[in-house]
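What follows is a single structure, written as structure tokens, with notes after it.
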Amino acid sequence: MTLMTAPSRYEEPSAAIESQPSFDGVDLHALAGRLGTPLYAYSANAIRQRIDQLKAALDGLDATICYAVKANSNRAILELMAAAGLGADIVSAGELQRALQAGIPAERIVFSGVGKTEDEIDAALAAGIGRFNVESLDELHAIERVAATRRVVANAAVRINPDVDALTHAKISTGRAENKFGVSIAEARRWFAESSQLTHVRLDGLHVHIGSQLLDLQPFRLALHRVAAFWRELAQAGHPIASIDVGGGLGVRYRAGHDQPVAAADYAGVIREALAGFDGRLLLEPGRYLVAEAGVLLTRVLRIKQGTERRFLVLDAAMNDLQRPSLYDAWHDIVPVASTLREPASYDVVGPVCETGDTFARARVLPECAPGDLLAIQGTGAYGASMASTYNSRPLAAEALLDDGRYAVIRRRQTLEEMVAAEQPAQDWATP
């Protein structure tokens, strides 16, 4: 997927130029006036609705939903997940601590990721997490060593790389043979054959995750059928499987009128069909699906700059606040927070960071804008604030949770003093 080039004519008007004056009953103009911009705002009710939809689709299955913390790791968001009875899918010791502090029980936490350190493994074992998703033989041996030192037995699942094309952006595809994630079925087969040598790891699970922002069920279906065939093979060989983790990856609507997300019920139907007869625990790891469309990034127009070939709409939000367009060439609908109708105009929507890559959209048709106008960049509840940086010494944006007409600040705007607090002059010199 590439960034759009300038069209010879305006894009056709679409839902992307509709206004969004309120969100979860909160007036966005008033909110931005009170808290300033850039500002992330999340709808608690939108998150709850997504959780309920997925739970309803899984009704009757022995399934645990483990929210992928990396999507949005704000403690208030994690507390919503805990209140709904969800677990957590983590990839670092920091995410482990966030999940525990938010009230997610350790036994509902699964630890994924290719680079777990022995200190992180030790912290996870000390907390009593439910399961490790193991990505390499070296990691399996590390868990064995650390668990032996603690005199505990770790529950583990092998992450299978099924070599399935997820039909998504290359940077968020994780299930191809050339990707860094998981191991082949042939290698996993050897692990189970030699599992009797493990004294402090119980290897009794399978895990698969082929990528993110999937809008087609066929890759899910193919991957799960390969995992199911392997589960049956292992069971026949005397290796019972207690859990199958089907990962996450459900796509969301970033572009109105274009993206067609998979319905939760249809997704659950694929799981039921592929894993029919499995009597163990199912684990799911949704992240983006639960929070992406529940978030907007509020930003004001700083100025309009007329170039020789393009007209630039310069915002006070930048790539450090929202990296997805720069990192993935990702589309986000951008809408005015206004109720007045204006003539359409075409802009390159950019931020103030000193990089050409600081571009949210090219040749995007929006209602005519003026300095000071408030815009909402939609679908930013996932991989927005959680991926933000302080590049160009820009403090991190504030975050607010909205709920039935009220709001709470869940991350105050970072100050310059807070941003540089850990820095110090080079005066305490030492030799290693």
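The values are calculated or read from the model by the stated rules, or taken from the named source; none is laboratory data. All values reported here derive from a predicted model rather than from experimental measurement. We place every Cβ from the backbone using ideal geometry, glycine too, and count neighbours over all the protein chains shown.
Key figures
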quantity: Given (1) over 27 Å from Asn155 (Cβ atoms); (2) within 23 Å of the chain's Cα centre (by Cα), index of the condition Glu285 fails; calculated: (1)
quantity: Flag if Arg281 is surrounded by fewer than 18 Cβ atoms within 10 Å (Cβ to Cβ), at pLDDT 95 or above, more than 24 Å from Ile77 (Cα to Cα) and touching a strand residue (DSSP E or B) at 6+ places or on another chain (Cβ under 6 Å); calculated: yes
quantity: Residue in segment 290-302 that is surrounded by fewer than 23 Cβ atoms within 10 Å (Cβ to Cβ), in a loop (DSSP other than H, G, I, E, B), of a type outside the set (Asp, Glu) and in contact (Cβ under 8 Å) with a residue 12 or more places away in the chain present; calculated: no
quantity: Options Pro371, Pro432, Pro395, Pro425: the member that is without any contact (Cβ under 8 Å) to a residue 60 or more places away in the chain, in a loop (DSSP other than H, G, I, E, B) and under 30 Å from Gly25 (Cβ atoms); calculated: Pro395
quantity: Cβ pairs under 8 Å, 6+ apart, first in segment 16-35 and farther than 15 Å from Asp403 by Cα and among the charged types (D, E, K, R), second modelled with pLDDT of 95 or more and surrounded by 15 or more Cβ atoms within 10 Å (Cβ to Cβ); calculated: Glu18/Val335
quantity: Candidate set from segment 49-91 (those that are charged (D, E, K, R) and in a helix (DSSP H, G or I)); member that is nearest to Leu275 (Cα to Cα); calculated: Lys55
quantity: Test for Glu368: is it in contact with a helix residue (DSSP H, G or I) (Cβ under 6 Å, 6 or more places away or on another chain) and farther than 21 Å from His258 by Cα; calculated: no
quantity: Residues (of a type in the set (Gly, Ala, Ser), modelled with pLDDT under 95 and under 27 Å from Asp266 (Cα atoms)) located in segment 178-227; calculated: Gly182, Gly211, Ser212, Ala223
quantity: Filter result (of a type outside the set (A, V, I, L, M, F, W, C), buried (at least 16 other Cβ atoms within 10 Å of the Cβ) and not in a loop (DSSP other than H, G, I, E, B)) within segment 398-422; calculated: Glu399, Asp403, Tyr407, Arg411
quantity: Scan of segment 92-113 for residues that are within 17 Å of the chain's Cα centre (by Cα) and assigned to a loop (DSSP other than H, G, I, E, B), ordered by number; calculated: Ser92, Ser112, Gly113
quantity: Cross-chain or 6+ apart pairs with Cβ under 7 Å, segment 125-154 first and within 17 Å of Ala188 (Cα to Cα), then assigned to a helix (DSSP H, G or I) and of a type in the set (D, E, K, R); calculated: Ala142/Glu118
quantity: Pairs with Cβ under 6 Å, 6+ apart, first in segment 232-252 and on the phi > 0 side of the Ramachandran plot, second outside any loop (DSSP other than H, G, I, E, B) and among the small types (Gly, Ala, Ser); calculated: Gly249/Gly211
quantity: Members of segment 102-150 that are among the hydroxyl-bearing types (Ser, Thr, Tyr) and in contact with a strand residue (DSSP E or B) (Cβ under 8 Å, 6 or more places away or on another chain); calculated: Ser112, Ser136
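Matching residues to (1) touching a Leu at 6+ places or on another chain (Cβ under 7 Å); (2) under 17 Å from Gly182 (Cα atoms); (3) not assigned by TED's automatic domain parsing to the domain that holds Gly211:
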position	(1), (2), (3)
Gly87	no, no, yes
Glu95	no, no, yes
Arg98	yes, no, yes
Ala102	yes, no, yes
Pro105	no, no, yes
Asp119	no, no, no
Asp122	no, no, no
Ala127	yes, no, no
Gly130	no, no, no
